[in-house]
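Peer 1: Quick one: the structure is below, and I'll ask about it shortly.
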Amino acid sequence: MKYSQDIISKVIESVDLVDLIGENVRLNKRGRNFIGLCPFHQEKTPSFIVSPDKGIYKCFGCGKGGNAVSFMIDFHSYSFNEALKQLAGKYGIVLPKDADYNKDDDNKRDQLFRSLQESANYFNKLLYSKEGKETLSYLKGRDFDDSIISKFLLGHSPDANSNLYNYLRNMGFKDDILLSNGLVFKNERNQIIDRFRNRAIFPIRDYIGRVVGFGARYMGDDKSQSKYINSPQNEVYDKSSILYGLFEAKNSIRSKGYAILTEGYADVISLVQNGIDNVVATSGTALTKPQLILLKRFTNSLYISYDGDEAGLKAAESASELALAEGFDVLIISLPDYEDPDSFVRKYGGEQFEYQIRKAKAYLEFKIERYKLIHKINTPFALSNLLKSLLEIIAKIPDEIQHDFYIKEIANRLSLSEQQLKEAYSLKNKFRDKYLLQFEKEANYAKNQQKFSNDAIVKKDNNEFNIGNLFPEEVHILKIVLKGSDELLHLYEYTDFEEDALLSSTARKLFEIITVNSEFGDIVNTIILGDYPEEIKDAILTLRIENMMPSENWYSLLNIEREDVDEIRIIKDSVKKLHIRKIDFQIEQVKQLMQNEPDNLHHIERFNELKIKLVKLKNSE
């Protein structure tokens, strides 16, 4: 259903934008605004601005911006209606109900998410039925109590071909939705059957709690069946971007200041069962960069606890080096051979695992000790190989301040001579140069220093939309009329403004859009949520964000004393300055004509007329 503009505005106005975005981005106050690292692209220097007064955000690195609704859409991948419902629920606003609501009105993503959630509920309910008795016994045998089963919505899938399919079809979901999210598939006879049959079900949630897929353990005796299967990749489930348990763990991760990374569902659930709740898992896949980017929204400190066998240790090395390169502080929790977090905590309890956490070693210390166990380093060749591998890891760490600390720590542990230490720094710098290009690809905070032209001659922009073409006076007129219809009336009431006074095509286009939407109480949000190109929305946000106001020198540019500034004065002086710019441009054109046709008296007359007009304009109030 479509909601009225009044309802949409009411929801947006009720949102504490700093609170909403601050759940996922660490924000620091800067004057009236807040600043943090952009959640939409990688950056080392903060360029993401949140303006609570204006109810909008803007990244001056990647250009992403919007209001509370657009944040929910862009950041959480909600549909518009879903975003509005989530915000309304969070801030206690009752949305009108449509008695004629039809599931077909939902977009595809809405239906994918709803069908997955309904499936999780179905599996969980079956767990406590006669059919799920064996699976429930298996889960209880792993010491999972009812509260933990409920927390992770564990379930059972029946040993039947189409029970889930029929259940969801009866709820109104169509075949294309169920095939798209992997709940069912077509067999060789083109029949649609359930993917998960006779299995313990582990719903996989994204970090905001939506079920996006399932992991499933086979409970039967058929050796031809895979012991574990997962949902296939689909529109809402990308296993390389999901961390199992993050939804349940994110608040604990924030409060404790670090996350524990494991390899599987059982590791997470067993640790949570034993009171260790800041834990996530990669679900049997290698750690990926998107997973680290996601986790970094909540912490910069990562404890890795993989299986204690050789394969687990190698996986821990790879994960650690990737995490270090993403700016994490990485420590390794060592477990005895052939133990994993699940088996260890069930055997020894949560307190012993907490003890292992306290004994965790910094990754480079772990790396040196592990290398010594595998290789003898009593030869210059072996020592050189170890040193090179360590320096290459250090070179990838984004924060160069840490490099000196790590190198000195290595020098102490390996008893490097002064000359060897000098060579180590040189080699590290060579490795650093190798990776410099990838660091330079990150967005530069300097992009937020948008420069508006002060040239007296109008830019020949060939009608190309570019906010960089705006003159300072155009910027201030647009910023003021964006506030509402009263300010727009002031423009016409106190000046001789006409739209052709705006010199750039970009300004004229923006002014037209602002004027069309001026009848609405909230012009900015109406445009952001409207059917306009992204470049238009981006320009509107850029104008609205306080930090993008031209610098203090505009006062001198308009010959205004700071203490005398008010909006009407700004409007009057801006319009006047635009008229002056236009006449200056016309004078330059006539000068060119006079050079080409010196005997043409018409050009001389036109030149004199313009000079007189310019003097009068400059002397006018």
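Peer 1: Pairing the Cα long axis of helix 380-395 with the longest principal axis of the chain, what angle in degrees results, from 0 to 90 and rounded to the nearest 10?
Peer 2: 50 degrees
Peer 1: Given a 1.4 angstrom probe, I'd like the percentage of the accessible area of the range 281-337 that is carbon and sulfur, rounded to a whole number.
Peer 2: On the way: 1020 of 1920 Å².
Answer for the range 281-337 is 53 percent, counting heavy atoms of protein chains only.
Peer 1: Label the range 68-217 by shape, choosing from rounded, prolate and oblate, from the square roots a ≥ b ≥ c of the eigenvalues of the Cα gyration tensor; if a/c is under 1.5 it is rounded, and otherwise prolate applies when a/b is larger than b/c, oblate when it is not.
Peer 2: In terms of gyration-tensor shape, oblate.
Peer 1: Averaged across orientations, what area in nm² does the convex hull of the alpha carbons in the range 157-294 project?
Peer 2: Average projection, Cα convex hull of the range 157-294: 9.7 nm².
Peer 1: Within the set of other residues whose C-beta is less than 15 Å from the C-beta of L364, count the net charge using Lys and Arg as +1 and Asp and Glu as -1. Please report the intermediate quantities before stating the final value.
Peer 2: Values: positive: K361, K367, R370, K372, K388, K396, K408, R413, K428; negative: E317, E321, D329, E365, E369, E392, D399, D404, E409.
Here the charged neighbours net out to 0.
Peer 1: If Lys and Arg each add +1 and Asp and Glu each add -1, what is the summed charge of the other residues whose beta carbon sits under 15 Å from the beta carbon of L373? It would help to have the intermediate numbers written out before the result.
Peer 2: Details: positive: K314, K361, K367, R370, K372, K376, R413; negative: D309, E310, E317, D337, E365, E369.
So the surrounding residues net to +1.
Peer 1: Can I get the semi-axes of the range 345-422's equivalent ellipsoid? Compute them from the C-alpha gyration tensor as square roots of 5 times the eigenvalues, in angstrom, largest first.
Peer 2: In descending order, the three semi-axes are 29, 17, 10 Å.
Peer 1: Compute the Rg to Rh ratio over the range 573-621 from the alpha carbon atoms, using the Kirkwood formula for Rh, and round to two decimal places.
Peer 2: Using Cα coordinates only, the ratio equals 1.06.
Peer 1: Compute the longest continuous run of the chain that contains no exposed chymotrypsin sites (Phe, Trp or Tyr not before Pro); treat a site as exposed when its DSSP state is not H, G, I, E or B and it has at most 13 other Cβ atoms within 10 Å. Provide the component values of the computation, followed by the final result.
Peer 2: Details: sites that count: Y101, Y338.
Looking at the chain, 339-621 is the longest stretch - no exposed chymotrypsin sites (Phe, Trp or Tyr not before Pro) with at most 13 other Cβ atoms within 10 Å.
Peer 1: For the range 300-444, what D do you get in µm² per second when you plug the Kirkwood radius from alpha-carbon pairs into Stokes-Einstein at 4 °C and 1.567 mPa s? Numbers along the way, then the final one.
Peer 2: Working: Rh = 16.5 Å.
After rounding, the answer is 78 µm²/s.
Peer 1: Separate question: Rounded, prolate or oblate: which one fits the range 162-240, using the alpha carbon gyration tensor with axes a ≥ b ≥ c (rounded when a/c is under 1.5, else prolate when a/b beats b/c, else oblate)?
Peer 2: It is oblate, given that a/c is not under 1.5 and a/b is not larger than b/c.
Peer 1: Rg to Rh ratio, the range 463-536, alpha-carbon atoms and Kirkwood radius?
Peer 2: Dividing the radius of gyration by the Kirkwood radius yields 0.94.
Peer 1: Might you report the magnitude of the Cβ-based charge dipole of the chain about its Cα centre, with Lys and Arg at +1 and Asp and Glu at -1, to the nearest 20 debye? Display every interim value, and only then the final one.
Peer 2: Values: 85 positive and 94 negative charges, 350 e Å.
In total the dipole reaches around 1680 debye.
Peer 1: What does the C-alpha gyration tensor say about the overall shape of the range 1-141? Classify as rounded when a/c is under 1.5, otherwise prolate if a/b is larger than b/c, or oblate.
Peer 2: oblate
Peer 1: Here is a further query. How much solvent-accessible surface does D222 expose, in Å² to the nearest 10, with a 1.4 Å probe and all protein chains in place?
Peer 2: Near enough 70 Å² of accessible area.
Peer 1: Remind me, relative contact order of the chain in percent, using alpha carbon pairs under 8 angstrom and six or more residues apart? Walk me through the numbers before you get to the answer.
Peer 2: On the way: 861 pairs, mean separation 61.2, N = 621.
Once divided by the residue count of the chain, the mean separation gives 10 percent.
Peer 1: Subtracting the Cα-Cα distance from 0.36 nm times the residue separation, let me have the gained length for S255 to E512 in nm, one decimal.
Peer 2: Working: separation 257, 0.36 × 257 = 92.52 nm, distance 4.86 nm.
Taking S255 through E512 to full extension adds about 87.7 nm, to one decimal.
Peer 1: While we're looking at this one, here's another question. Grab the beta carbon distance between E13 and D74, set R0 = 25 Å, and tell me the FRET efficiency rounded to 0.05.
Peer 2: It comes out at approximately 0.80.
Peer 1: Using all Cα-Cα distances in the chain, what percent lands in each 20 angstrom bin from 0 up to the longest?
Peer 2: 16, 37, 30, 14, 3, 0
Peer 1: Here's another thing I want to ask about it. Excluding ligands, DNA and RNA, what is the solvent-accessible area per residue of the chain at a probe of 1.4 Å, expressed in Å²?
Peer 2: 49 Å²
Peer 1: What percentages make up the Cα-Cα pair-distance distribution of the range 300-378 when the bins are 5 Å wide from 0?
Peer 2: Spelled out per bin, shortest first, that is 3, 15, 25, 25, 18, 11, 3, 1, 0.
Peer 1: What is the sum of charges around R197, taking Lys and Arg as +1, Asp and Glu as -1, for the other residues whose C-beta is under 11 Å from the C-beta of R197?
Peer 2: That works out to -1.
Peer 1: Right, something else. Which Cys in the chain stand alone, with every other cysteine's Cβ at 4.7 Å or more from theirs?
Peer 2: By the Cβ distance rule, which asks for a partner under 4.7 Å, the isolated cysteines are C62.
Peer 1: For q = 0.14, 0.15, 0.18, 0.24 Å⁻¹, what log10 I(q)/I(0) does the range 265-336 give under the Debye formula with an equal point scatterer on each alpha carbon and no solvent?
Peer 2: Taking Cα atoms of the range 265-336 as identical point scatterers yields -0.42, -0.48, -0.71, -1.26.
The values are calculated or read from the model by the stated rules, or taken from the named source; none is laboratory data. Treat the numbers as computed from the prediction; the structure is a model and nothing was measured. With ideal geometry, Cβ positions are generated from the backbone for all residues, glycine too; neighbour counts draw on all protein chains shown. The area values use the complete protein model at the heavy-atom level, side chains included, leaving out ligands, DNA and RNA. Shrake-Rupley method; radii C 1.70, N 1.55, O 1.52, S 1.80 Å.
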